[in-house]
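The values are calculated or read from the model by the stated rules, or taken from the named source; none is laboratory data. Because the structure is predicted, anything quoted here is derived from the model rather than measured. Here the Cβ positions follow ideal geometry from the backbone for every residue, glycine too, while neighbour counts run over all protein chains shown.
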Amino acid sequence: MKKKILVANRGEIALRLIRAIQELGHAAVAVYETPDNEALHIRTADEAVWLGDGPRSDYLNIDKVIKAAKKTGACAIHPGYGFLAENPDFAKACEDNGIIFIGPPSDVIQALGDKVTARRIMQEAGIPLVPGTSSLAPGDAGVAEAVEFCNTHGYPVMLKATAGGGGRGIRRIDDEKQLKAEIPVARAEAKAAFGNDAVFLERLVLTPKHIEVQVIADKEGTTVHLGSRDCSIQRRNQKLIEIAPSLIPDQALVDKICETAVQAAKAAKYFNAGTVEFLVDKDWNFYFMEINTRVQVEHTVTEMVTGIDIVRTQIKLALGKKLAFCQDDVQVRGYAIEVRVNAEDPQNNFMPEGGKTVSVYRSPGGYGVRLDGFAYQGYTIPEVYDSLLVKLTVHGFSWNETVDRLRRCLNNFVIVGPKTTIPFYLRVIDDPDFKGGDFNTSFLDTHDYLLEYEDFTTEGNKLAHLIAEIHYRQQNPYAV
Amino acid sequence: MERIVHGMSPGEAIETLRKADGYYVTNTARDLSQSDYKNRILLHTDLLAAPAREAAGFFSLEITGGASIHVDMLRKQVDPFLKLELLRERMPKTMFQTLCRGINLFGYRPYPQNVIRMVVSEYAKYVDVWRVFDFLNHVPNMVAVFEEVQKAGKILEPAVCFSTGPEHTDDFYVKKVGEILDVTGREIVLCIKNHGGLGTPKRIGDLVSAILQKYPDLVIHYHGHNTDGNDVGRITAAVQAGARIVDASDHAFSGFYGPPSILTAVNTLTEYGYKAIGLSEEAVIETSEALRNERQYYEYFESQFKGFDPTVQIHKLPGGAAGSSFEQATKGGFLDKMPTILHDELPKVQKELGNYWSVTPGSQILWTTAVANVQAGDRYSTPSGDLKNLLLGKYGPFPFYQPADWIYEKIFGPNWKETLEKEGGMDEIADMDIEQERRDLAEKLGYEPTEQQLVNYLQHPNDAVAFFKFEEKFGRVYVLPPAIFLRRGGFKLGEMLKFRDHEGKEHVVEVGPMQSDESGTAHVYLNVDHSERRYEFEPEVSESAGGAAKAVQLSKKEIEELAAAGDYRAPFGANVCEVSVKVGDEVKAGDQLLVLEAMKMQTPIKSEVDGKVEKVAVKVGDAVKAGGELVEVNS
């Protein structure tokens, strides 16, 4: 039966969700704020509801989103990533209003969203953990607790917001003085960002690989994993390039990590799609980090190598279907790489290029190429949202083939208007350490020279530059 | 009946010329470009003509040298070496010829010996025939070049500059040829260099006869300009008298101040029974067919003053200087004074300054002096630095007589004899530290320069660096046809421009809209190879808004008064080619503050007071207008 499903998000992920909804034969309902007036997700959806002027506040407004669902008769809501995706109150509001929340139940979100609770669950299930504290006690007692932890386990440590996620609210602490100074700041920041000032400490695993596992579970508790991803190429804890499967040479270790991920999901009574994140240190020890209770930006690489449509599966499971495949059905074929093409100037500290108009948008195509974007020629990038323009995902039979395909696609991408991260990626993927799979989360710090590139100019563009000047000056100033 | 081709040894080529039953033709494409098109004929056009010119069977193609190496980099944005390489690819047989100003090489003033030798040996890899001259016919000024050309195994063609007047007798020139032969030996081609197109056919015929009477086996190459419309007559007389090579150019581009057309000369000589050896008239015609459509794009660079100028016999301005003199008069607002300048003052100045040969850089000295004399009213009251150097003998000795004492006194003051004694004569120019120059260039470029880049840098440091940077930014632009490179008034919206780059890739550029934003920045949109590109340009600072090129209305007297007070203003519109002081320097009266260059002439600006430099308003390369601020010295 044709159903209406509301997409409580914007940007590329809104489009991604709408595509899956429409492919299933359902109708997609979009929501939007005023700055997104011209956004493609409104045009693509079957219906759209204006939430308010925002910015951001209306996408985060649970009441308005629930109201929009009721008004349009949507039976389910997909939250995408970010905004309300990992907000247990939102999942709860859906449940209370008889709307299907496409994701895990609110109590699971609640438990896993609280890092300290999550650690406790995992500890009980025997999942390896980075040494850490539970939420620090308020005030001076908490500081004393933190100092004691650090004296036992040594610096550096990570100070994290208990309710944080997506790399936000994390800071590195190198000594006691800094620890004492930063705890109040982190508390204030966590309060502002997540409405909860609880923080905790974790020993810092130096230069780890960030390896994560896509898991998916139906309501009967059948839980399978869809293989690993390597998201080590990060800038300030924000992922830039994601790869599936991981390039760890020891397949037995990868299998063990994936099986551990399934155990962890089961321990958390997980339902629907989620991601179990691990850190892998240089001695190949791995530690549980967290479970993300949402569809990830980088889910595309897993889809490419497994052939499984994660969003479609999410919707079907949420609507009550059982998993249509078992672990043995999941085969990883080849490699996939996703780069986030952001409207940012990598040479200016990745400053967002919001407010600029995309005067030309020409994307690559061909075999093994996937694009999840929402920009179009003439689109003005709102300044109030994130700077992701399009995710370019390529798939290849071998690692080298995949990198070659990515290079070709990046070279063929034409985006005029905002500066993008494309020239930077072109430098990264030609780096011998990247090509050799020899990288971890410190890659950008140790390869900062990759930012020293010149604007990609071909002989044709150079000559055209002179033609432009002859045109502008009404004569050739270099020939008079 | 043998064609002379690239790769023949000088001995073989000269022997062939000596035995020739007829004459050979040099296509003087470079001189035509320099005389009638301000040196702007692009490599693109020469490449277009290359196959037909190759088939034409010339003795040589004169395609480099003179001012062209400088202009190649400064105005055509082409590497003078790459030009020769590309032409050689398309013209494997034709010998390439250059014009070298002896000690002044391809520039305007003397270079050190080690630079001369390096430049010549590097260019000799590409150039088969070396015409070498000195505007004072002072043989020692040419010796270093002679030696390097002979060392490189290339054909040496020393030139005697020709002019007219009571001193310019056959005897004088025959002796001059003897002086040259004493240095070079007999295995040379001798050029009679008639850059003004002076004298009658009879005069030229007599001169050739007189030289051949003394040196019967000497191969003479006659070079003339058609300013008075009669060079075909002189060519005919020269060949009749025994000259073996003559200069002429492609008729599709012939103008008024360069060499005459090849076919006219050849047809005339055929009737007299002289055969152009190896020459294909069909190919000469084909060359002009290939070129004819291109001429329209160079119209802007042709002289606005059309028509032959038989009065060249009076003012003697060489080649393009005759045409451009009128333009300078128009720009300078003294067009009404041209009859006086050209027909009274210039001949007078020539006589007064020793009746030497009016050719670079001597012709510029004569012209600027004549203009200054007429403009100032008080003759020789505003001498240029180069005139002073001429009078002091820095270029070489006067060929016939020294200018009168009163001129020296006027220019150097009552103690002129002392000055002449102390400062007179050619300076020993110290060798340059070439390795230091190489390091300097490497620092300016940010990479290790090639030998060729260094050679061009040594001659024209600022312009060579500007060109290398231009090429980094804009690529190899010689591929753009004149219809694009020299376009004026912009392109039409939607116009499609097609060209093939240096590597051979075809490009298509479609012209899109142009918009300016609030800040005045212009955005030019082009569709380049089917991809949209946007190029930003900042508007040029308008003159009223200030800037280095600010025009200030000051009389000559006011400028002088300001200078006496330590505020130095540009006495005329010029480019700053050297700044010798910086803020805070202590200077004494007579110390050089900076050097201005206008119309190839350098003029040092010297402090008139003792004091401290308070302000330097310009930097090297700036254009200043008359009255513009230069330097302030606080006394």
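How do the strands (runs of 3 or more DSSP E) wholly within segment A:220-288 filter down when requiring 1 or more residues that are acidic (Asp, Glu) and within 21 Å of A:Gly334 (Cβ to Cβ): which remain? Please lay out each step first, then the result.
Values: elements: A:223-235, A:238-244, A:272-280.
Because the criterion is at least 1 residues that are acidic (Asp, Glu) and within 21 Å of A:Gly334 (Cβ to Cβ), the strands (runs of 3 or more DSSP E) in segment A:220-288 that meet it are A:223-235, A:238-244.
At least 2 residues being without any contact (Cβ under 8 Å) to a residue 40 or more places away in the chain is the threshold, and among the strands (runs of 3 or more DSSP E) wholly inside segment B:152-262 those reaching it are B:155-161, B:219-224.
Scan segment A:306-333 for residues that are among the small types (Gly, Ala, Ser) and within 22 Å of the chain's Cα centre (by Cα) and jot them down. Steps first, please.
Keep residues of segment A:306-333 that are among the small types (Gly, Ala, Ser), which gives A:307, A:318, A:320, A:324.
Hits for segment A:306-333 are A:Gly307, A:Ala318.
One line per residue, one yes/no per condition, for (1) assigned to a loop (DSSP other than H, G, I, E, B); (2) surrounded by 19 or more Cβ atoms within 10 Å (Cβ to Cβ); (3) more than 14 Å from chain A (Cβ to nearest Cβ); (4) free of Cβ contacts under 8 Å to residues at least 60 places away in the same chain:
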residue	(1), (2), (3), (4)
B:Ala50	no, yes, yes, yes
B:Ala55	no, no, yes, no
B:Leu61	no, yes, yes, yes
B:Leu82	no, no, yes, no
B:Glu85	no, no, yes, yes
B:Phe96	no, yes, yes, no
B:Pro110	yes, yes, yes, no
B:Asn114	no, no, yes, no
B:Arg117	no, no, yes, yes
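Among all positions in segment A:292-299, there is at least one residue which is touching a Gly at 6+ places or on another chain (Cβ under 6 Å), under 21 Å from A:Leu17 (Cβ atoms) and either in a loop (DSSP other than H, G, I, E, B) or acidic (Asp, Glu) (or both).
Are any of the residues in segment B:260-275 touching a Lys or Arg at 6+ places or on another chain (Cβ under 7 Å) and buried (at least 17 other Cβ atoms within 10 Å of the Cβ)?
The initial filter retains those residues of segment B:260-275 that are touching a Lys or Arg at 6+ places or on another chain (Cβ under 7 Å), namely none.
No, because not a single residue in segment B:260-275 is touching a Lys or Arg at 6+ places or on another chain (Cβ under 7 Å) and buried (at least 17 other Cβ atoms within 10 Å of the Cβ).
When the test is whether a residue is within 20 Å of A:Val390 (Cα to Cα), in contact (Cβ under 8 Å) with a residue 40 or more places away in the chain, touching a strand residue (DSSP E or B) at 6+ places or on another chain (Cβ under 9 Å) and not hydroxyl-bearing (Ser, Thr, Tyr), A:Glu38 passes it. Among all residues of segment B:355-375, there is at least one that is surrounded by 18 or more Cβ atoms within 10 Å (Cβ to Cβ), more than 20 Å from the chain's Cα centre (by Cα), part of a loop (DSSP other than H, G, I, E, B) and not assigned by TED's automatic domain parsing to the domain that holds B:Cys100. On the basis of being in contact with a Lys or Arg (Cβ under 8 Å, 6 or more places away or on another chain), in the same structural domain as A:Leu426 (by TED's automatic domain parsing) and surrounded by fewer than 23 Cβ atoms within 10 Å (Cβ to Cβ), does A:Thr260 make the cut? Considered against the rule, which asks whether it is in contact with a Lys or Arg (Cβ under 8 Å, 6 or more places away or on another chain), in the same structural domain as A:Leu426 (by TED's automatic domain parsing) and surrounded by fewer than 23 Cβ atoms within 10 Å (Cβ to Cβ), A:Thr260 comes out as no.
Scanning segment B:98-108 for residues being surrounded by fewer than 24 Cβ atoms within 10 Å (Cβ to Cβ) and in a helix (DSSP H, G or I) gives a total of 1.
Within segment A:205-219, work out how many residues are acidic (Asp, Glu) and part of a strand (DSSP E or B). Residues flagged as acidic (Asp, Glu) and part of a strand (DSSP E or B) within segment A:205-219 amount to 1. A:Val116 passes every criterion in (1) more than 25 Å from A:Leu15 (Cβ to Cβ); (2) aliphatic (A, V, I, L, M); (3) touching a helix residue (DSSP H, G or I) at 6+ places or on another chain (Cβ under 7 Å) apart from (3). Scanning segment A:435-478 for residues that are surrounded by fewer than 21 Cβ atoms within 10 Å (Cβ to Cβ) and either closer than 21 Å to A:Leu279 by Cβ or small (Gly, Ala, Ser) (or both) gives A:Gly436, A:Gly437, A:Asp438, A:Thr441, A:Ser442, A:Leu444, A:Asp445, A:Thr446, A:His447, A:Gly460. For segment A:340-354, the set of residues classified as touching a strand residue (DSSP E or B) at 6+ places or on another chain (Cβ under 7 Å) and over 17 Å from A:Arg236 (Cβ atoms) consists of A:Val341, A:Ala343, A:Glu353, listed by residue number. Looking at segment A:373-480, what helices (runs of 4 or more DSSP H) fall wholly within it and have at least 3 residues that are more than 13 Å from every other protein chain (Cβ to nearest Cβ) and at pLDDT 95 or above? Result: A:399-412.
Please work out if A:Val224 is of a type in the set (Val, Ile, Thr), in the same structural domain as A:Phe397 (by TED's automatic domain parsing) and closer than 30 Å to A:Leu410 by Cα. Against the criterion (of a type in the set (Val, Ile, Thr), in the same structural domain as A:Phe397 (by TED's automatic domain parsing) and closer than 30 Å to A:Leu410 by Cα), A:Val224 does not qualify. Examine segment A:94-110 for a residue that is out of contact with any Phe, Trp or Tyr (no Cβ under 6 Å at 6 or more places or on another chain), closer than 25 Å to A:Ile308 by Cα and surrounded by fewer than 16 Cβ atoms within 10 Å (Cβ to Cβ), and state whether such a residue exists. No: segment A:94-110 contains no residue that is out of contact with any Phe, Trp or Tyr (no Cβ under 6 Å at 6 or more places or on another chain), closer than 25 Å to A:Ile308 by Cα and surrounded by fewer than 16 Cβ atoms within 10 Å (Cβ to Cβ).
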